[in-house]
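Only one structure is covered here, and it is reproduced in the block below.
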Amino acid sequence: MTENAMNKMPVRIYSLSTCVHCAALKKMLQRHDIPFEFTDIDLMAKDERRQFLQEIAPYNPQKTFPIIIINNKAIVGFRREMIERELGIS
């Protein structure tokens, strides 16, 4: 994948600071030099966290993490193959 293609592919992660799968996802992206932004939901202020969880409830009723957004497409859970395919890496 070209650098230009990667720059057009925003990656956003919603995670938990204590989540092993969330940490593995971040390490995978770092290994591939893929820039990303993340928010650890458990470190948000209580009201902000409650609002976020209400907003995602229809899409993620089990409230599982990580949630990774790639080009406005959400992938719930550390689904390595799906994430790699979406990013064009292996």
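The values are calculated or read from the model by the stated rules, or taken from the named source; none is laboratory data. Just so we're clear, the structure is a prediction, and the values are computed from it rather than from any experiment. Backbone-built Cβ (ideal geometry, glycine too); neighbour counts: all protein chains shown.
Could you list, in sequence order, all residues of the stretch 68-79 that are of a type outside the set (K, R) and either closer than 21 Å to T18 by Cβ or not in a loop (DSSP other than H, G, I, E, B) (or both)?
So in the stretch 68-79, the residues of a type outside the set (K, R) come out as 68-72, 74-78.
Across the stretch 68-79, the qualifying residues are I68, I69, I70, A74, I75, V76, G77, F78.
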* Asked: From the set of residues in the stretch 34-55 that are farther than 18 Å from V20 by Cβ and touching a residue at least 24 places away in the same chain (Cβ under 8 Å), which is surrounded by the fewest Cβ atoms within 10 Å (Cβ to Cβ)?
  -> E37
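Please state which one of T18, T2 is at pLDDT 95 or above, surrounded by fewer than 14 Cβ atoms within 10 Å (Cβ to Cβ) and of a type in the set (V, I, T). Lay out the reasoning, then the answer.
Details: T2 fails: at pLDDT 95 or above.
T18 is the lone residue from the list that is at pLDDT 95 or above, surrounded by fewer than 14 Cβ atoms within 10 Å (Cβ to Cβ) and of a type in the set (V, I, T).
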* Somewhere in the stretch 52-61, is a residue modelled with pLDDT under 95, in a loop (DSSP other than H, G, I, E, B), among the aromatic types (F, W, Y) and out of contact with any Asp or Glu (no Cβ under 7 Å at 6 or more places or on another chain)? -> yes
* To do: Only one of these is within 11 Å of the chain's Cα centre (by Cα), over 14 Å from L87 (Cβ atoms) and assigned to a loop (DSSP other than H, G, I, E, B): F65, F38. Name it.
  => F65
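Report, by residue number, each residue of the stretch 36-61 that is among the aromatic types (F, W, Y) and under 10 Å from Y14 (Cβ atoms). Working first, answer last.
Filtering the stretch 36-61 down to residues among the aromatic types (F, W, Y) leaves 36, 38, 52, 59.
If the condition is that a residue be among the aromatic types (F, W, Y) and under 10 Å from Y14 (Cβ atoms), then F38, F52 are the ones that fit.
Restricting attention to the stretch 71-83, report how many residues are at pLDDT below 95 and surrounded by 13 or more Cβ atoms within 10 Å (Cβ to Cβ). Even if it seems obvious, please write down each step before you answer.
Filtering the stretch 71-83 for residues at pLDDT below 95 gives 71-74.
Checking the rest, the ones that are also surrounded by 13 or more Cβ atoms within 10 Å (Cβ to Cβ) come to 74.
Residues that pass the stated criteria total 1.
What tally of residues in the stretch 5-15 results from selecting those that are outside any helix (DSSP H, G or I) and either at pLDDT below 95 or surrounded by fewer than 13 Cβ atoms within 10 Å (Cβ to Cβ) (or both)? Step through it out loud before you land on a result.
Step one: list which residues in the stretch 5-15 are outside any helix (DSSP H, G or I), which gives 8-15.
From what is left, the residues that are either at pLDDT below 95 or surrounded by fewer than 13 Cβ atoms within 10 Å (Cβ to Cβ) (or both) are 8-10.
Matching residues across the stretch 5-15 total 3.
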